[in-house]
Amino acid sequence: MKECVLFYFLALCSAKPFILPPKYMALTDLMLNDMDDDDDDDGDDDDDDKNSLFPFKRNMPFRPTPPPFDMHPICPFGCQCYLKVVQCSDLGLASIPAKIPYDTRLLDLQNNKIKEIKEKDLQGLTALSALFLNNNKLYKVHPKAFQSTNKLRRLYLSHNQLTEIPSNLPNSLAELRIHDNKVKKVQKDSFKGMVALHVLEMSANPLENEGIEPGAFEGLTVFHVRMAEAKLTSIPKGCIPKIREIHLENNKLKKVPPGISALKYLQVSNLLCFLQG
């Protein structure tokens, strides 16, 4: 036993010290070094290519192949993002989430607890075409909230707590639904410049004739208007002249409004079911 221990001790003492290599050789270093070797050797190009660890054609720059898809796509936490659609409904959100992809076309935020749209919540969403904010607790919209959304076509704000039509809405809107809120006032400039607006849904709001400023609907070409379940006693003054369909049921009208004859393009009128006796 003593002889074995003595032999092991002598072998350990005669071993050379372990020396670390000068640096860690990464995979890219090997590739670049291999390219340098090819450049230094002028002859036997075919043999060099066969013996190289990573063969390259002479005088061709190295370009790494990009991954076939984005390894870390941007998507708000808890949401689902696919085909330019961001689905964030039914998550109990108290505010509009951050990190919404810039190329989002449809943003679904229904059935949450969002109370306001801040100035920068929608910033940079220049491709946004549809925004669904139904059934939240929305009561406040910043005047510059929609400054970036120049392509927005559909805006759904129904079942919230808004007291007026948000200001500075995009002129690109074709459909605006603000059903079942607390809207009592429609300002003169609420729909200014919205020449593309075709559907306006404003039912189930405590809206009276006095709350609609003269000229509020001026310049609109809306085809479908619904202002049912409100407190209107007559058709609002200056109503859209080219309107084709109007719904005013369950208001406080006691007779067919005299202004109905002025709507020469009207095709569908839901009037009889709301007359009060």
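The values are calculated or read from the model by the stated rules, or taken from the named source; none is laboratory data. Since we're looking at a predicted model, the values are computed, not measured. Note that we place each Cβ from the backbone using ideal geometry, even for glycine, and neighbour counts take in every protein chain shown. Side chains included, ligands, DNA and RNA excluded: accessible areas come from the protein's heavy atoms. Shrake-Rupley method; radii C 1.70, N 1.55, O 1.52, S 1.80 Å.
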Inset, instruction - Over segment 173-219, with every protein chain in place, what whole percent of the accessible area is carbon and sulfur at 1.4 Å, could you tell me? - result: 48
Inset, instruction - Express in nm, to one decimal, how much length is gained between GLN147 and THR233 on full extension, taking 0.36 nm for each residue of separation and deducting their alpha carbon distance. - result: 27.4 nm
Legend entry - Accessible area per residue, Å², segment 87-239 with all protein chains present, probe 1.4 Å: 47
Inset, instruction - Could you list, in their original order, any pairs among LYS115/LYS144; LYS99/LYS120; LYS118/LYS185; LYS84/LYS140; LYS184/LYS231 whose Cα atoms are separated by more than 18 Å? - result: LYS118/LYS185; LYS84/LYS140
Inset, instruction - At 0.36 nm per residue, minus the direct Cα-Cα distance, what do ASN171 and PHE77 gain on full extension? Give it in nm, one decimal, please. - result: 30.7 nm
Inset, instruction - Could you work out how far apart the two model spin labels at GLU116 and LYS188 are, taking each label as a point 7 Å from the Cα in the direction of the beta carbon, and quote it in nm? - result: 2.8
Inset, instruction - Compute the label zone of SER95 within segment 128-172: residues whose backbone N is under 19 Å from the point 7 Å along Cα-to-Cβ. - result: 133, 136-148
